[in-house]
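Chemist: My questions will all concern the structure given below.
The values are calculated or read from the model by the stated rules, or taken from the named source; none is laboratory data. Treat the numbers as computed from the prediction; the structure is a model and nothing was measured. Quick reminder, even Gly has a Cβ in these numbers, built from the backbone with ideal geometry, and neighbours come from all protein chains shown.
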Amino acid sequence: MRVLSSQKLFFLKVVALLSIIRWYAIGIVAFAQLLVSIFVINNRNNWKMVVTDPNLWIIMVCTMLTIAAGFAINNFYDSDRDLVNRPQQTLFERIVSKRFIFRFYFGTNALVFALAFLISWRALVFFGVYAVGLWFYSHKIKKATFFGNLAAVILSIAPFFAIFVYYRYFSWPIFFYVAFIMFLILIRDIIKDLQTQKGDVLYDYHTLPAVYGVEKTKTLIILLTVFSYAPAFVSYSLFPNNMQLYLTICMILITLVNVAIFQASKPKHYFILNQLYKVLIGVSMIMIVFL
(Lines give C-alpha, C1' and ligand atoms only; values in the text may rest on other atoms or scores of the structure.)
Protein backbone atom coordinates (compact mmCIF):
# COMPACT_ATOMS: atom_id res chain seq x y z
CA MET A 1 0.00 0.00 0.00
CA ARG A 2 2.86 2.37 0.82
CA VAL A 3 4.34 1.83 -2.66
CA LEU A 4 1.02 2.60 -4.30
CA SER A 5 0.57 5.66 -2.13
CA SER A 6 4.05 6.94 -3.00
CA GLN A 7 3.48 6.30 -6.69
CA LYS A 8 0.17 8.15 -6.59
CA LEU A 9 1.77 11.10 -4.78
CA PHE A 10 4.58 11.20 -7.33
CA PHE A 11 2.05 11.14 -10.18
CA LEU A 12 0.06 13.98 -8.59
CA LYS A 13 3.23 16.04 -8.17
CA VAL A 14 4.11 15.53 -11.83
CA VAL A 15 0.60 16.62 -12.87
CA ALA A 16 0.82 19.64 -10.55
CA LEU A 17 4.21 20.62 -11.98
CA LEU A 18 2.84 20.36 -15.53
CA SER A 19 -0.01 22.64 -14.45
CA ILE A 20 2.46 25.13 -12.96
CA ILE A 21 4.62 25.32 -16.09
CA ARG A 22 1.58 25.48 -18.43
CA TRP A 23 2.70 22.59 -20.63
CA TYR A 24 0.03 23.29 -23.27
CA ALA A 25 1.27 26.87 -23.84
CA ILE A 26 4.85 25.62 -24.11
CA GLY A 27 3.77 22.98 -26.63
CA ILE A 28 1.98 25.53 -28.82
CA VAL A 29 5.01 27.84 -28.89
CA ALA A 30 7.43 25.02 -29.79
CA PHE A 31 5.08 23.68 -32.48
CA ALA A 32 4.69 27.18 -33.92
CA GLN A 33 8.49 27.59 -34.00
CA LEU A 34 8.79 24.36 -35.98
CA LEU A 35 6.05 25.38 -38.41
CA VAL A 36 7.61 28.80 -38.97
CA SER A 37 10.99 27.20 -39.65
CA ILE A 38 9.57 24.74 -42.19
CA PHE A 39 6.82 26.66 -43.95
CA VAL A 40 7.74 30.34 -43.64
CA ILE A 41 11.49 30.83 -43.39
CA ASN A 42 12.66 27.85 -45.42
CA ASN A 43 11.37 26.20 -48.57
CA ARG A 44 8.75 23.70 -47.41
CA ASN A 45 10.06 21.23 -50.01
CA ASN A 46 13.29 21.09 -47.98
CA TRP A 47 11.51 20.17 -44.75
CA LYS A 48 13.81 17.19 -44.20
CA MET A 49 16.83 19.47 -44.07
CA VAL A 50 15.07 21.70 -41.55
CA VAL A 51 13.89 18.95 -39.19
CA THR A 52 17.32 17.32 -39.20
CA ASP A 53 19.06 20.54 -38.15
CA PRO A 54 20.19 19.85 -34.55
CA ASN A 55 20.54 23.56 -33.77
CA LEU A 56 16.86 24.14 -34.49
CA TRP A 57 15.85 21.43 -32.03
CA ILE A 58 18.23 22.80 -29.42
CA ILE A 59 16.65 26.24 -29.85
CA MET A 60 13.19 24.71 -29.44
CA VAL A 61 14.22 22.76 -26.34
CA CYS A 62 15.87 25.86 -24.86
CA THR A 63 12.71 27.84 -25.56
CA MET A 64 10.47 25.27 -23.87
CA LEU A 65 12.73 24.95 -20.84
CA THR A 66 13.15 28.73 -20.44
CA ILE A 67 9.38 29.29 -20.61
CA ALA A 68 8.82 26.41 -18.15
CA ALA A 69 11.29 28.03 -15.74
CA GLY A 70 9.54 31.37 -16.26
CA PHE A 71 6.14 29.91 -15.37
CA ALA A 72 7.70 28.20 -12.35
CA ILE A 73 9.21 31.39 -10.92
CA ASN A 74 5.98 33.24 -11.68
CA ASN A 75 4.12 30.63 -9.62
CA PHE A 76 6.72 31.07 -6.85
CA TYR A 77 5.99 34.80 -6.55
CA ASP A 78 2.24 34.69 -7.26
CA SER A 79 1.12 31.71 -5.17
CA ASP A 80 -0.62 33.82 -2.50
CA ARG A 81 -2.44 35.97 -5.05
CA ASP A 82 -3.39 32.89 -7.07
CA LEU A 83 -4.88 31.35 -3.94
CA VAL A 84 -7.46 34.16 -4.03
CA ASN A 85 -8.08 34.16 -7.80
CA ARG A 86 -8.06 30.40 -8.48
CA PRO A 87 -8.09 28.63 -5.10
CA GLN A 88 -8.76 25.05 -6.21
CA GLN A 89 -6.03 24.90 -8.85
CA THR A 90 -3.55 26.70 -6.58
CA LEU A 91 -4.20 24.35 -3.66
CA PHE A 92 -3.58 21.40 -5.97
CA GLU A 93 -0.37 22.95 -7.31
CA ARG A 94 0.89 23.42 -3.75
CA ILE A 95 1.59 19.69 -3.70
CA VAL A 96 4.83 20.84 -5.29
CA SER A 97 6.83 22.70 -2.64
CA LYS A 98 8.25 26.18 -3.17
CA ARG A 99 11.67 24.77 -2.42
CA PHE A 100 11.36 22.33 -5.35
CA ILE A 101 10.04 25.08 -7.64
CA PHE A 102 13.04 27.24 -6.75
CA ARG A 103 15.45 24.37 -7.50
CA PHE A 104 13.57 23.53 -10.70
CA TYR A 105 13.93 27.14 -11.85
CA PHE A 106 17.70 27.31 -11.39
CA GLY A 107 18.34 23.75 -12.60
CA THR A 108 16.28 24.27 -15.77
CA ASN A 109 17.98 27.56 -16.62
CA ALA A 110 21.41 26.01 -16.03
CA LEU A 111 20.52 23.30 -18.55
CA VAL A 112 19.30 25.96 -21.01
CA PHE A 113 22.58 27.89 -20.79
CA ALA A 114 24.59 24.71 -21.36
CA LEU A 115 22.51 23.79 -24.42
CA ALA A 116 22.52 27.33 -25.84
CA PHE A 117 26.32 27.44 -25.58
CA LEU A 118 26.43 24.46 -27.97
CA ILE A 119 24.86 26.66 -30.67
CA SER A 120 26.75 29.93 -30.25
CA TRP A 121 27.53 32.67 -27.77
CA ARG A 122 24.71 34.71 -29.35
CA ALA A 123 22.23 31.99 -28.44
CA LEU A 124 23.64 31.94 -24.92
CA VAL A 125 23.20 35.72 -24.63
CA PHE A 126 19.67 35.58 -26.05
CA PHE A 127 18.42 32.90 -23.67
CA GLY A 128 20.28 34.49 -20.78
CA VAL A 129 18.53 37.82 -21.40
CA TYR A 130 15.21 36.03 -21.97
CA ALA A 131 15.50 34.12 -18.68
CA VAL A 132 16.37 37.30 -16.76
CA GLY A 133 13.47 39.08 -18.46
CA LEU A 134 11.01 36.39 -17.37
CA TRP A 135 12.31 36.57 -13.80
CA PHE A 136 12.21 40.38 -13.67
CA TYR A 137 8.70 40.36 -15.11
CA SER A 138 7.46 37.98 -12.40
CA HIS A 139 9.33 39.75 -9.60
CA LYS A 140 8.74 43.41 -10.45
CA ILE A 141 7.30 44.40 -13.83
CA LYS A 142 4.12 42.35 -13.56
CA LYS A 143 2.81 44.70 -10.87
CA ALA A 144 3.38 47.83 -12.99
CA THR A 145 0.34 49.46 -14.57
CA PHE A 146 0.09 48.63 -18.31
CA PHE A 147 3.88 48.29 -18.59
CA GLY A 148 3.45 44.82 -17.10
CA ASN A 149 1.01 43.97 -19.90
CA LEU A 150 3.42 45.25 -22.56
CA ALA A 151 6.26 43.23 -21.04
CA ALA A 152 4.08 40.11 -21.15
CA VAL A 153 3.52 40.66 -24.88
CA ILE A 154 7.23 41.10 -25.63
CA LEU A 155 8.17 38.01 -23.62
CA SER A 156 5.46 35.98 -25.39
CA ILE A 157 6.75 36.88 -28.85
CA ALA A 158 10.48 36.64 -28.02
CA PRO A 159 10.80 32.89 -28.88
CA PHE A 160 9.92 33.65 -32.50
CA PHE A 161 12.65 36.28 -32.71
CA ALA A 162 15.07 33.52 -31.74
CA ILE A 163 14.06 31.61 -34.88
CA PHE A 164 14.17 34.69 -37.11
CA VAL A 165 17.60 35.69 -35.79
CA TYR A 166 18.95 32.15 -36.21
CA TYR A 167 17.92 32.06 -39.88
CA ARG A 168 18.60 35.81 -40.37
CA TYR A 169 15.16 36.21 -41.86
CA PHE A 170 12.90 39.25 -42.23
CA SER A 171 9.59 39.67 -44.04
CA TRP A 172 7.11 42.55 -43.99
CA PRO A 173 4.05 40.25 -44.06
CA ILE A 174 5.47 38.36 -41.07
CA PHE A 175 6.25 41.65 -39.31
CA PHE A 176 2.69 42.98 -39.64
CA TYR A 177 1.10 39.64 -38.85
CA VAL A 178 3.18 39.28 -35.68
CA ALA A 179 2.17 42.84 -34.75
CA PHE A 180 -1.47 41.77 -35.08
CA ILE A 181 -0.85 38.75 -32.82
CA MET A 182 0.87 41.03 -30.30
CA PHE A 183 -2.32 43.08 -30.04
CA LEU A 184 -4.29 39.88 -29.40
CA ILE A 185 -1.87 38.89 -26.62
CA LEU A 186 -2.03 42.37 -25.09
CA ILE A 187 -5.84 42.39 -25.05
CA ARG A 188 -5.93 38.88 -23.60
CA ASP A 189 -3.49 39.87 -20.84
CA ILE A 190 -5.68 42.82 -19.84
CA ILE A 191 -8.75 40.56 -19.81
CA LYS A 192 -6.82 38.26 -17.48
CA ASP A 193 -6.28 41.26 -15.18
CA LEU A 194 -10.05 41.78 -15.11
CA GLN A 195 -10.44 38.12 -14.17
CA THR A 196 -7.89 38.33 -11.32
CA GLN A 197 -8.67 41.85 -10.05
CA LYS A 198 -9.74 40.64 -6.58
CA GLY A 199 -6.34 39.13 -5.80
CA ASP A 200 -4.53 41.98 -7.57
CA VAL A 201 -6.11 44.60 -5.31
CA LEU A 202 -5.53 42.50 -2.20
CA TYR A 203 -1.82 41.98 -2.94
CA ASP A 204 -1.12 45.47 -4.33
CA TYR A 205 -0.74 44.64 -8.03
CA HIS A 206 -1.15 47.93 -9.90
CA THR A 207 -3.02 46.48 -12.85
CA LEU A 208 -5.29 48.57 -15.04
CA PRO A 209 -8.55 47.45 -13.35
CA ALA A 210 -7.02 48.00 -9.89
CA VAL A 211 -5.79 51.52 -10.72
CA TYR A 212 -8.32 52.91 -13.22
CA GLY A 213 -11.37 50.75 -12.62
CA VAL A 214 -13.23 48.16 -14.65
CA GLU A 215 -15.12 50.44 -17.03
CA LYS A 216 -12.06 52.42 -18.16
CA THR A 217 -10.17 49.16 -18.64
CA LYS A 218 -12.97 47.82 -20.83
CA THR A 219 -12.89 51.02 -22.88
CA LEU A 220 -9.14 50.61 -23.37
CA ILE A 221 -9.70 47.04 -24.60
CA ILE A 222 -12.09 48.33 -27.27
CA LEU A 223 -9.54 50.97 -28.34
CA LEU A 224 -6.82 48.33 -28.57
CA THR A 225 -9.17 46.20 -30.66
CA VAL A 226 -9.52 49.09 -33.12
CA PHE A 227 -5.74 49.61 -33.15
CA SER A 228 -5.24 45.91 -33.87
CA TYR A 229 -6.99 46.39 -37.19
CA ALA A 230 -4.15 48.68 -38.39
CA PRO A 231 -1.40 46.05 -38.98
CA ALA A 232 -4.01 43.72 -40.47
CA PHE A 233 -5.29 46.31 -42.96
CA VAL A 234 -1.82 47.62 -43.84
CA SER A 235 -0.59 44.15 -44.72
CA TYR A 236 -3.85 42.77 -46.11
CA SER A 237 -2.78 42.90 -49.77
CA LEU A 238 0.53 41.18 -48.93
CA PHE A 239 -1.20 37.98 -47.81
CA PRO A 240 -2.56 35.10 -49.91
CA ASN A 241 -6.33 34.76 -50.23
CA ASN A 242 -6.72 32.16 -47.48
CA MET A 243 -4.91 34.40 -44.98
CA GLN A 244 -6.99 37.38 -46.02
CA LEU A 245 -10.09 35.34 -45.26
CA TYR A 246 -8.69 34.25 -41.89
CA LEU A 247 -7.81 37.83 -40.90
CA THR A 248 -11.31 38.96 -41.81
CA ILE A 249 -12.90 36.21 -39.71
CA CYS A 250 -10.45 36.88 -36.87
CA MET A 251 -11.23 40.60 -36.76
CA ILE A 252 -14.96 39.90 -36.73
CA LEU A 253 -14.51 37.41 -33.87
CA ILE A 254 -12.43 39.72 -31.68
CA THR A 255 -14.94 42.52 -32.28
CA LEU A 256 -17.80 40.30 -31.10
CA VAL A 257 -15.82 38.97 -28.14
CA ASN A 258 -14.80 42.44 -27.01
CA VAL A 259 -18.34 43.76 -27.31
CA ALA A 260 -19.27 40.95 -24.92
CA ILE A 261 -16.73 42.32 -22.45
CA PHE A 262 -19.13 45.16 -21.61
CA GLN A 263 -21.69 42.55 -20.54
CA ALA A 264 -19.14 40.68 -18.40
CA SER A 265 -19.16 41.32 -14.65
CA LYS A 266 -17.97 38.14 -12.92
CA PRO A 267 -14.62 36.31 -12.90
CA LYS A 268 -16.18 33.35 -14.72
CA HIS A 269 -17.24 35.69 -17.58
CA TYR A 270 -13.69 36.98 -17.95
CA PHE A 271 -12.38 33.43 -17.67
CA ILE A 272 -14.45 32.40 -20.71
CA LEU A 273 -13.29 35.43 -22.70
CA ASN A 274 -9.70 34.70 -21.66
CA GLN A 275 -10.00 31.12 -22.91
CA LEU A 276 -11.47 32.31 -26.22
CA TYR A 277 -8.48 34.57 -26.72
CA LYS A 278 -6.10 31.73 -25.86
CA VAL A 279 -7.65 29.63 -28.62
CA LEU A 280 -7.58 32.54 -31.06
CA ILE A 281 -3.91 33.28 -30.35
CA GLY A 282 -2.98 29.61 -30.68
CA VAL A 283 -4.79 29.27 -34.01
CA SER A 284 -3.24 32.53 -35.26
CA MET A 285 0.24 31.23 -34.48
CA ILE A 286 -0.44 28.04 -36.41
CA MET A 287 -1.97 29.94 -39.34
CA ILE A 288 1.38 31.64 -39.86
CA VAL A 289 2.34 28.69 -42.08
CA PHE A 290 0.04 30.03 -44.80
CA LEU A 291 1.88 33.31 -45.18
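Chemist: Of the numbered conditions (1) part of a helix (DSSP H, G or I); (2) crowded, with 16+ Cβ neighbours inside 10 Å, VAL283 fails exactly one; give the number of that condition.
Modeler: Failing condition for VAL283: (2).
Chemist: Any idea which of (1) closer than 25 Å to LEU155 by Cβ; (2) part of a helix (DSSP H, G or I) is the one VAL96 doesn't satisfy?
Modeler: Failed condition: (2).
Chemist: Using the structure shown, decide if ILE252 is among the β-branched types (Val, Ile, Thr) and crowded, with 16+ Cβ neighbours inside 10 Å.
Modeler: So ILE252 fails the test.
Chemist: Assess whether TRP23 counts as being within 23 Å of the chain's Cα centre (by Cα) and of a type in the set (A, V, I, L, M, F, W, C).
Modeler: yes
Chemist: In this structure, does VAL153 turn out to be closer than 26 Å to VAL14 by Cα, among the β-branched types (Val, Ile, Thr) and in contact with a Leu (Cβ under 7 Å, 6 or more places away or on another chain)?
Modeler: no
Chemist: Follow-up. So which residues in region 256-270 are modelled with pLDDT of 85 or more, exposed (fewer than 15 other Cβ atoms within 10 Å of the Cβ) and either in contact with a strand residue (DSSP E or B) (Cβ under 8 Å, 6 or more places away or on another chain) or in a helix (DSSP H, G or I) (or both)?
Modeler: Answer for region 256-270, where residues must be modelled with pLDDT of 85 or more, exposed (fewer than 15 other Cβ atoms within 10 Å of the Cβ) and either in contact with a strand residue (DSSP E or B) (Cβ under 8 Å, 6 or more places away or on another chain) or in a helix (DSSP H, G or I) (or both): LEU256, ALA260, LYS268.
Chemist: Is there any pair with a first residue in region 145-159 that is under 14 Å from VAL29 (Cα atoms) and a second that is hydrophobic (A, V, I, L, M, F, W, C) and in a helix (DSSP H, G or I) whose Cβ atoms are under 7 Å apart and which are 6 or more apart or on different chains, and what are they?
Modeler: Note: pairs meeting the criteria are VAL153/MET182; VAL153/ILE185; VAL153/LEU186; LEU155/LEU134; SER156/ILE185; ILE157/VAL178; ILE157/MET182; PRO159/VAL29.
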